[in-house]
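Notes for the one structure printed next.
The values are calculated or read from the model by the stated rules, or taken from the named source; none is laboratory data. Computed from a predicted structure; not experimentally measured. Quick reminder, even Gly has a Cβ in these numbers, built from the backbone with ideal geometry, and neighbours come from all protein chains shown.
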């Protein structure tokens, strides 16, 4: 792709709607828009103003009345001249507008090319550009809020002081090497260690935040398991906040997996209701069908990120309950919920969350427990930015490792020239994260995941 081309694309989602937007970006945007639209010549078209115009057909007849807005460089999304044409949201009209723009000299935009130009023109750094994609793809309000904070530069502002401190340390060591002939010890080992401490501490916190950030970005799968009639399907419906699974007092009602997507504390979660687990089933007839359902339950436990084991507090705990908890613990992370607490207010509650799927008691505590079980650092609090991208986590982990290698070399008394190798190695991943030194193939891979109009 040639970054000097003027590009065009439909910027609104596919399908019909009240309004559809066609976006142009490049030095010829205003010229092309003026050629394909009929505007009043009585007043000049000023930047950052909306103009009523007609979108003509090839024969000169009017197809649609549109609103055209010109955003002059550099005060636009891409830092280039941008024109947005708001048409009625018919796919036929939008395609016609794009075709006319292409015939007038524009080129169809590649996926993510508008945001790529914003990055290349210094309008956005790479974490902010990636956050734009996450904002578009958000499925919960919390995901959108996190992405919006990062798109506004929250993560970049947290990383910037680290880079500055590291650059200052590198400059200090370089100066010490330059003045080595004068026997001037510019930086003692203690001074270097003191400067390393805040850098290493903050890098470590950022890397650790990815455990929760991955959860927010990707969501998780939750398998709800237990003996028959402990209230798994009722709890599934309560967490989903709708009656999706059939609930009866007949053991074995749920025989196949039932899954739905919900949100727990703003985190996307795929809830999986499973067949009740019991022994003593035969190999034919209804028993065989139920046995197959139980096998799928065990498979769901193995595949899920988290298992919720449901017990019935209104009856004594059984050996089957203990065996199921043991199996869940052996397979990975799990939470134990004691259901029907409204029927057994004095039942022991050691090591479990007391809930009632009928009354809703304890459900919020259960939601917090489920989210916290998958995040070693607990659920993030406040507005502090955290990592949601695996690329960011890998780069900062690489930087942290280089810092620790430098600290080890410092402890062994190695010369400053050797320390600098580690500190420059720590700087390189930070530059790659922000896009200061990112290779073209990495940029292409990142921006190719965007939608075309963005």
**OP:** Check off (1) in a helix (DSSP H, G or I); (2) touching a strand residue (DSSP E or B) at 6+ places or on another chain (Cβ under 9 Å) for residue 139 and give me the number that stays unchecked.
**Re:** (1)
**OP:** Among what's in the stretch 16-29 and is out of contact with any helix residue (DSSP H, G or I) (no Cβ under 7 Å at 6 or more places or on another chain) and either surrounded by fewer than 14 Cβ atoms within 10 Å (Cβ to Cβ) or at pLDDT below 95 (or both), pick the residue that is farthest from residue 97 (Cα to Cα).
**Re:** 27
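So is residue 100 surrounded by 14 or more Cβ atoms within 10 Å (Cβ to Cβ), in a helix (DSSP H, G or I) and under 18 Å from the mean Cα position of the chain (by Cα) or not?
no
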Subject >> Total residues in the stretch 293-330, condition without any contact (Cβ under 8 Å) to a residue 40 or more places away in the chain, in a helix (DSSP H, G or I) and either crowded, with 23+ Cβ neighbours inside 10 Å or touching a strand residue (DSSP E or B) at 6+ places or on another chain (Cβ under 7 Å) (or both) >> reply: 1
**OP:** With respect to residue 42, determine if the residue is loosely packed, with under 15 Cβ neighbours inside 10 Å and under 18 Å from residue 453 (Cβ atoms).
**Re:** no
Original post:
Would you say residue 347 is buried (at least 16 other Cβ atoms within 10 Å of the Cβ), in contact with a strand residue (DSSP E or B) (Cβ under 9 Å, 6 or more places away or on another chain), within 30 Å of residue 317 (Cβ to Cβ) and at pLDDT below 90?
Top reply: yes
Subject >> Odd one out for residue 87, checked against (1) part of a helix (DSSP H, G or I); (2) under 21 Å from residue 15 (Cβ atoms); (3) touching a strand residue (DSSP E or B) at 6+ places or on another chain (Cβ under 9 Å) >> reply: (1)
Subject >> Failed criterion for residue 229 (all others in (1) touching a helix residue (DSSP H, G or I) at 6+ places or on another chain (Cβ under 7 Å); (2) part of a loop (DSSP other than H, G, I, E, B) hold) >> reply: (1)
